[in-house]
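Notes follow the structure.
Just so it is clear, none of the values below were taken in a lab; they were calculated from the coordinates. Note that the coordinates shown come from a computational prediction; the quantities given were computed from them, not determined experimentally. When we count neighbours, we look across all protein chains shown, and the Cβ atoms used for this are built from the backbone with ideal geometry, even at glycine.
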Amino acid sequence: MEQKISIRPSKMSDLGSLAVMLNSLVDEKAMIFVQKKVTASKISIHFENAIKDKKMAYLVLSIDKEIMGRAKITVQSGPERHIGELSIYVKKEARGKGLGERLLREIIDKAVKKFDLKIITLTVYARNKIARSLYKKIGFEKIGIFKKGISHYGAYEDVILMAKYID
Ligand SMILES: CC(C)(COP(=O)(O)OP(=O)(O)OC[C@H]1O[C@@H](n2cnc3c(N)ncnc32)[C@H](O)[C@@H]1OP(=O)(O)O)[C@@H](O)C(=O)NCCC(=O)NCCS
């Protein structure tokens, strides 16, 4: 049977599945900036902004009604309010099918239109070749490298800062 894939704004009722998805990435020791399991109530603190699209653009990837990914862009404040910071995760079983790219393109489009952003930034583990390849494809450029900028389960690793300029 054909899968029903949608990319849509998040709802409060997504919280539990979002926590499950994030915890599956923690289990696989993914190269992300969360390394401890979360609970729905812990992530709900920031979720209100996501729901209301307040200083944040937030989209979820749903496959047959199950949350399989999410992307967010957080708008910076004051003199940096033309800049949005991106973060994206896709659950392991949904990767490599073009869905991460779709989600990324949609969140950038949404955030740029909604908040009139001029620059999207992100940080990525230097050894995260898949994510770096995706970002390069979408037009992100390398701005700098922060040597030993993150501890990944006890081992220091380099992180790359990337930016995409919106024309
Ligand atoms: C990074 C991530 C979002 C990519 O999503 P995805 O759905 O797997 O990627 P897609 O299938 O849409 O592929 C888009 C591009 O990503 C890159 N890519 C995807 N799989 C790849 C692989 N196995 N090897 C190399 N590049 C790959 C390619 O540039 C690809 O474009 P192409 O198909 O034209 O070659 C996803 O792998 C993920 O969530 N990983 C774990 C969490 C993470 O690392 N998040 C980023 C933190 S900075």
Inset, instruction - Using amide H atoms built 1.01 Å from N in the peptide plane, name the residues 5+ places from GLY69, or on other chains, whose amide H lies under 5 Å from its own. - result: LEU61, LYS91
Inset, instruction - Could you point to the residue in VAL112, LEU99, ALA30 farthest towards the positive end of the chain's charge dipole, with +1 and -1 charges on the Cβ of Lys/Arg and Asp/Glu respectively? - result: ALA30
Inset, instruction - Read phi for every residue in segment 88-103 and hand back ³J(HN,Hα) as whole Hz from Karplus 6.51 cos²θ - 1.76 cosθ + 1.60, θ = phi - 60°, with x for Gly and Pro. - result: 9, 9, 10, 5, 3, 5, 9, 6, x, 10, x, 7, x, 5, 4, 4
Legend entry - Sparsely packed chymotrypsin sites (Phe, Trp or Tyr not before Pro) within segment 81-164, loop by DSSP, other Cβ within 10 Å at most 13: TYR153
Inset, instruction - List the residues whose amide H sits under 5 Å from the amide H of ILE166, counting only those 5 or more places along or on another chain, with H placed 1.01 Å from N in the peptide plane. - result: ILE119, ILE120
Inset, instruction - Could you work out the Rg to Rh ratio of segment 5-165, with Rh taken as the Kirkwood radius (inverse of the mean 1/r over all Cα pairs)? - result: 0.94
Inset, instruction - Return the single residue from GLY69, GLY154, GLY98 with maximal mean-square fluctuation; model: Gaussian network over the chain, springs between Cα atoms under 10 Å. - result: GLY154
Legend entry - Distance between segment 16-40 and segment 73-122 - C-alpha centres, whole angstrom: 19 Å
Legend entry - Net dipole in debye of segment 5-165 [+1 Lys, Arg Cβ; -1 Asp, Glu Cβ; about Cα centre; nearest 20]: 180 debye
Inset, instruction - Convert each backbone phi in segment 113-121 into a coupling constant with the Karplus relation 6.51 cos²θ - 1.76 cosθ + 1.60 (shift: θ = phi - 60°), then list the ³J(HN,Hα) values in order as whole Hz, x for Gly and Pro. - result: 5, 5, 10, 6, 6, 10, 9, 10, 10
Inset, instruction - Grab the DSSP H runs of the chain that are 4 residues or longer, score each as -39,500 (n - 2.57), total them, divide by all residues and round the 222 nm result to the nearest 500 deg cm²/dmol. - result: -10000 deg cm²/dmol
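Taking the Cβ of LEU59 as the center, what net charge do the other residues with Cβ under 12 Å away carry, scoring Lys and Arg +1 and Asp and Glu -1? Mind showing how you got there, number by number?
Details: positive: ARG8, LYS11, ARG70, LYS72, ARG102, ARG105, LYS110, LYS114; negative: ASP14, ASP53, GLU106, ASP109.
That sum, taken over residues with Cβ under 12 Å, equals +4.
So what's the net charge close to GLU85: Lys and Arg +1, Asp and Glu -1, counting the other residues with Cβ under 14 Å from its Cβ?
Details: positive: LYS55, LYS72, ARG81, LYS118, LYS164; negative: GLU80.
Taking every other residue near GLU85 into account, the sum is +4.
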Legend entry - For segment 3-20, Karplus couplings with θ = phi - 60° (6.51, -1.76, 1.60), whole Hz, Gly/Pro x: 7, 9, 9, 9, 10, 8, x, 7, 10, 4, 6, 7, 3, x, 5, 5, 5, 4
